[in-house]
Amino acid sequence: MWSFLIPVCFNICMEIKKLSIIVPCYNEGKKIRRNLEDKVLPFLRERRINFEIILVNDGSKDNTKELFNVLVLENVRPLGYDQNRGKGGAVKYGIEQATGDYILFMDADLSTDLKALDLIYADQDNADMYIGSRHLKESVLAKKQGLMRRFVGRSCRLIVNTAFKFKFKDTQCGFKLIRADYAKEMADRQIINGFAFDVEYLYMARLNNLKIKEIPVIWENDEDSKVSTFKSSIRFFKDVRIIKKNKSNYLFASK
């Protein structure tokens, strides 16, 4: 699966005129500039992708805001707000500002290898929504999560797939690309600011018969993760219940 990725930038099937990349940032002052300059920007420029990167400071408590105030990089828009909303709230804010015809949101720690984007550009299915999956046969886990996080992840996946009749291998991988008109429709109807917003987006996509495709990823656990497993799990399951009760609002023809 991954052997053909070296020349893939010349094998473009997916037509994307402009790619908007949303990167939610919470206390990412130590890494975000280095990740952009050393990894993200060279990757995109090598492939001659027309892009914008929207960094969203989600009310960080470190020096992220100060860094954003002086950050000047081509095609990079540092935005944000002072009050922490949660990852879902940051993605929603970024989508509202995006100008591309496709929107990708990904994690600031780059736990998902950017080569997943090569798979999308080379794909001939032209799906409305591509979701990275750590649990497909072709996926590579360079560094796994700890035992507790893996247990919680499996539990979440089982509950979500059962509750919403999904068959996805992975709903929570932080690498998803959506056609912009659909992404903006989803953001407009979004009510979840926490990590369960991924489920909310997948539920909207399924209810509105969007074409969804899971893609394998190379993924490496970030040991500096700021997420509390216990607290985030409680909120996640509460939000899943809210999503389940909000079905009528998620039908695109209902407004």
(1) at pLDDT below 95; (2) touching a helix residue (DSSP H, G or I) at 6+ places or on another chain (Cβ under 7 Å) all hold for residue 189 apart from (1)
Here the residues within the range 15-70 that are touching a Pro at 6+ places or on another chain (Cβ under 7 Å) and of a type in the set (Val, Ile, Thr) are 56
Among 49, 53, the single one that is surrounded by 13 or more Cβ atoms within 10 Å (Cβ to Cβ), in contact (Cβ under 8 Å) with a residue 12 or more places away in the chain and part of a loop (DSSP other than H, G, I, E, B) is 49
Being outside any strand (DSSP E or B), buried (at least 22 other Cβ atoms within 10 Å of the Cβ), out of contact with any Leu (no Cβ under 7 Å at 6 or more places or on another chain) and modelled with pLDDT of 95 or more, is that true of even one residue in the range 76-83?
no
Here the qualifying pairs (Cβ atoms under 7 Å; residues six or more apart or on different chains; first in the range 122-133 and farther than 12 Å from residue 210 by Cα; second acidic (Asp, Glu)) come out as 131/214; 133/170; 133/214
Within the range 29-56, residues being in contact with a Phe, Trp or Tyr (Cβ under 8 Å, 6 or more places away or on another chain) and among the charged types (D, E, K, R) number 1
Going through the range 22-34 in order, the residues found to be surrounded by fewer than 16 Cβ atoms within 10 Å (Cβ to Cβ) and part of a helix (DSSP H, G or I) are 34
Exactly one of 167, 176 is on the phi < 0 side of the Ramachandran plot, outside any helix (DSSP H, G or I) and either without any contact (Cβ under 8 Å) to a residue 40 or more places away in the chain or among the acidic types (Asp, Glu) (or both), and that one is 167
Taking the range 60-75 and keeping only residues that are buried (at least 19 other Cβ atoms within 10 Å of the Cβ) and either touching a His at 6+ places or on another chain (Cβ under 8 Å) or in a loop (DSSP other than H, G, I, E, B) (or both), one is left with 60
Among 108, 90, the single one that is in a helix (DSSP H, G or I), closer than 30 Å to residue 167 by Cα, among the small types (Gly, Ala, Ser) and at pLDDT 95 or above is 90
Note to self: Checking the structure you have, find out if any residue of the range 229-237 is surrounded by fewer than 20 Cβ atoms within 10 Å (Cβ to Cβ), within 18 Å of residue 106 (Cα to Cα), modelled with pLDDT under 90 and of a type outside the set (Val, Ile, Thr).
What the structure shows: no
By residue number, the members of the range 84-107 that are crowded, with 22+ Cβ neighbours inside 10 Å and within 12 Å of the chain's Cα centre (by Cα) are 87, 88, 90, 91, 92, 94, 95, 103, 104, 105, 106
Listed by first then second residue, the pairs whose first member lies in the range 34-46 and is over 15 Å from residue 112 (Cβ atoms), whose partner is modelled with pLDDT of 95 or more and not hydrophobic (A, V, I, L, M, F, W, C), with beta carbons under 6 Å and at least 6 positions apart or on separate chains, are none
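Here's the yes/no breakdown for (1) closer than 21 Å to residue 46 by Cβ; (2) modelled with pLDDT of 95 or more; (3) touching an Asp or Glu at 6+ places or on another chain (Cβ under 6 Å):
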position	(1), (2), (3)
95	no, yes, no
125	no, no, no
132	yes, yes, no
148	no, no, no
159	no, no, no
163	no, no, no
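The values are calculated or read from the model by the stated rules, or taken from the named source; none is laboratory data. What you are looking at is a predicted structure, and each value in this text was computed from that prediction instead of being measured. Methodologically, a virtual Cβ is constructed for each residue, glycine included, from the backbone with ideal geometry; neighbour enumeration extends over all protein chains shown.
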